[in-house]
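The values are calculated or read from the model by the stated rules, or taken from the named source; none is laboratory data. Everything numeric here is computed off the predicted structure, so don't read it as measured data. As a convention, Cβ positions derive from the backbone with ideal geometry for all residues, glycine included, and neighbour counts pool all protein chains shown.
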Amino acid sequence: MMIITTMQDAIGRTPIFKFTNKDYPIPLKSAIYAKLEHLNPGGSVKDRLGQYLIEEGFKTGKITSKTTIIEPTAGNTGIALALVALKHHLKTIFVVPEKFSTEKQQIMRALGALVINTPTSEGISGAIKKSKELAESIPDSYLPLQFENPDNPAAYYHTLAPEIVQELGTNLTSFVAGIGSGGTFAGTAKYLKERIPNIRLIGVEPEGSILNGGEPGPHEIEGIGVEFIPPFFANLDIDGFETISDEEGFSYTRKLAKKNGLLVGSSSGAAFVAALKEVQRLPEGSQVLTIFPDVADRYLSKGIYL
């Protein structure tokens, strides 16, 4: 048993779930592996980012004991930053578009953060603009800005990806994962590609995202989907993108709960659908890796189990 003195100490070292043809249409001898990042203490893969951003901020002098951290977020990065900030007694302010789950906003407030909403119609771009305005007006503030900060992919390159290789080795055929800010995908993909040159890289997005050439629009799957191309993809050789409908994503989110007891958010359902499609088009014996980014309870008001 591991004894900890702060919740930050429990970040990482998450288990991997193996799916075979027992419950899903996976070819014989093939498998899908899901890194269960929803089991981090803050409930998401973003805990790794929150920890890394604050640690690097202290190392570089961007953060002091009196710094206020400001960040635009759909919620999970805010929760992660607020959780880690508690250890250092830092103030946190998060700018969240109104459309994102009320549960996430309640959790951020429970962790001591100030949450400011921007109109849904302005999307995450509106939250970014507001965050920059706040950072200019608040002395000794730090705006990590996950959507542009190279520490975002670096966090996963140095933490999540090494765990995967340590646990699964270098026999993976494909890496299939959702794309929001792009940091989790880019950092993990870079690390894997360096060690498994032939691995396929497949990004996952909801309908209403632009990576597959579609028009931007609304979607209910939360935590993935972009309004602009993440800058972290500039030197990344991505093999393709899988666009998943809200109906598919929510359907498999429910199946993962009922069949496997995995209480994960709809972005995990979408990632699993994409991983299934990928493993079905590959030769028998293929090994596909995906990420389950966050926990289900912050989406109950959105009816993910109804």
Looking only at the range 214-238, count every residue that is in a loop (DSSP other than H, G, I, E, B) and closer than 23 Å to Lys193 by Cβ and tell me the total. 9
Pairs, first farther than 18 Å from Gln146 by Cα and outside the structural domain of Ile179 (by TED's automatic domain parsing) in the range 218-247, second buried (at least 17 other Cβ atoms within 10 Å of the Cβ) and small (Gly, Ala, Ser), C-beta under 9 Å, six or more apart: none
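Residue-wise test of (1) modelled with pLDDT under 95; (2) touching a Ser or Thr at 6+ places or on another chain (Cβ under 8 Å); (3) hydroxyl-bearing (Ser, Thr, Tyr).
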residue: Ile199; (1), (2), (3): no, yes, no
residue: Glu215; (1), (2), (3): yes, no, no
residue: His219; (1), (2), (3): yes, yes, no
residue: Arg254; (1), (2), (3): no, no, no
residue: Gly265; (1), (2), (3): no, yes, no
residue: Glu278; (1), (2), (3): no, yes, no
Within the range 1-32, considering residues that are in contact with a Phe, Trp or Tyr (Cβ under 7 Å, 6 or more places away or on another chain), closer than 14 Å to Val279 by Cα and in contact (Cβ under 8 Å) with a residue 40 or more places away in the chain, the one surrounded by the fewest Cβ atoms within 10 Å (Cβ to Cβ): Ala31
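Listed here are the residues, each with its yes/no results for (1) under 30 Å from Pro15 (Cα atoms); (2) assigned by TED's automatic domain parsing to the domain that holds Gly249; (3) outside any strand (DSSP E or B).
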position: Gln105; (1), (2), (3): yes, no, yes
position: Ile128; (1), (2), (3): no, no, yes
position: Glu133; (1), (2), (3): no, no, yes
position: Ala177; (1), (2), (3): yes, yes, no
position: Ala186; (1), (2), (3): yes, yes, yes
position: Ile202; (1), (2), (3): yes, yes, no
For the structure I just gave you, tell me whether Glu167 is of a type outside the set (S, T, N, Q), closer than 20 Å to Ala34 by Cβ, surrounded by fewer than 15 Cβ atoms within 10 Å (Cβ to Cβ) and touching a strand residue (DSSP E or B) at 6+ places or on another chain (Cβ under 6 Å). yes
Residue by residue through the range 43-81, note down the ones that are free of Cβ contacts under 8 Å to residues at least 60 places away in the same chain, buried (at least 24 other Cβ atoms within 10 Å of the Cβ) and farther than 27 Å from Leu276 by Cα. Gly50, Ile54, Gly78, Ile79, Ala80
Out of Ser266, Ser286, I need the residue that is over 19 Å from the mean Cα position of the chain (by Cα), assigned by TED's automatic domain parsing to the domain that holds Leu36, of a type outside the set (D, E, K, R) and crowded, with 20+ Cβ neighbours inside 10 Å. Which one? Ser286
Which numbered condition in (1) under 29 Å from Leu300 (Cβ atoms); (2) in a helix (DSSP H, G or I); (3) of a type in the set (Phe, Trp, Tyr) is the only one that Phe58 fails? (1)
Pick from Ile138, Ile179, Ile164: which is out of contact with any helix residue (DSSP H, G or I) (no Cβ under 8 Å at 6 or more places or on another chain) and among the β-branched types (Val, Ile, Thr)? Ile138
